[in-house]
1. Take residue 159 and residue 212, extend 7 Å from each Cα along the Cα→Cβ direction, and tell me the distance between the two endpoints in nm.
2. If you consider only alpha-carbon coordinates, what radius of gyration and Dmax does the range 62-138 have, in Å?
3. Given the Cα-Cα distance of residue 78 and residue 109 and 0.36 nm per residue of separation, how much length would full extension add, in nm?
4. What is the ratio of the Cα radius of gyration of the range 96-219 to 2.2 N^0.38 Å, where N is its residue count, to two decimals?
5. Given labels modelled 7 Å from the Cα in the Cβ direction, how far is it in nm from residue 192 to residue 5?
6. Give me the orientation-averaged projected area of the Cα convex hull of the range 175-219, in nm², one decimal.
7. May I ask you to derive the relative contact order of the chain, considering only C-alpha pairs under 8 Å and at least 6 residues apart, and to give it as an integer percent?
8. Please state the relative contact order of the range 1-104 as a whole percent: Cα pairs under 8 Å, 6+ residues apart?
Amino acid sequence: MLTKAKWLEFLDTMDEMYPDAHCELVHDNPFELTIATLLSAQCTDVLVNKVTKDLFQKYKTPQDYLNVSLEELQTDIRSIGLYRNKAKNIQLLCERLLTEYGGEVPASREELVTLPGVGRKTANVVLSVAFDVPAMAVDTHVERVTKRLGLCRWKDSVLEVEETIMKKTPIDRWSRAHHQIIFFGRYHCKAQNPGCAKCPLLVDCREGQKRLKKGLVNV
């Protein structure tokens, strides 16, 4: 397993590669971020941003989402994967925000995960990005990168990955590291055709070396 010192070296390199890494979901407030993150499950940020460009013009508040029929909301997000279930969860979430939280998105993980459609990953994104609370959201990029680099084991659950990253990363770096790991996974250590041959971490990456030997990456 990767040592804490080596992991921090990796993060320093990612910091150099992606100094401007940030949340790519376009939003203006915690509520919009919550909706966008909910929509992003099994979907790209690029597609979500295309949909929310019009969606956030039409719907400004939780009540706005409840003022239309479920069918109309489904139509508005139809190009998003799992749109029926997501539309249902959005309306249930908005109803709960109004009845329990005065229409405002709560700023605690314990409360966020009680909202329909909001799991631990979404809650961590909202905490970190909207409220500047140290958190580590584990999406497919974060999970893939940390396992390929040897920080985590291939059999580790998402929660185990999250706990390992937090344990080996200073708390004041969690939010920044989260975005940099995502950028590294999204634009360099891709699921298909990762940039192993030109990777600055290759010398310490067993997975990358293995892929090169097997000819699984383009040189």
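1. 3.8
2. Looking at the range 62-138, its Cα Rg and Dmax stand at 13.1, 37 Å.
3. 8.3 nm
4. So the Cα radius of gyration is 1.24 times the expected 2.2 N^0.38 Å.
5. Here the modelled spin labels are 4.0 nm apart.
6. So the mean shadow area of the Cα hull is 3.2 nm².
7. Relative contact order, the chain: 22 percent.
8. 22
Only the coordinates and a few stated rules stand behind these numbers; no lab work does. All of these numbers come straight from a predicted model, not from anything done at the bench. Backbone-built Cβ (ideal geometry, glycine too); neighbour counts: all protein chains shown.
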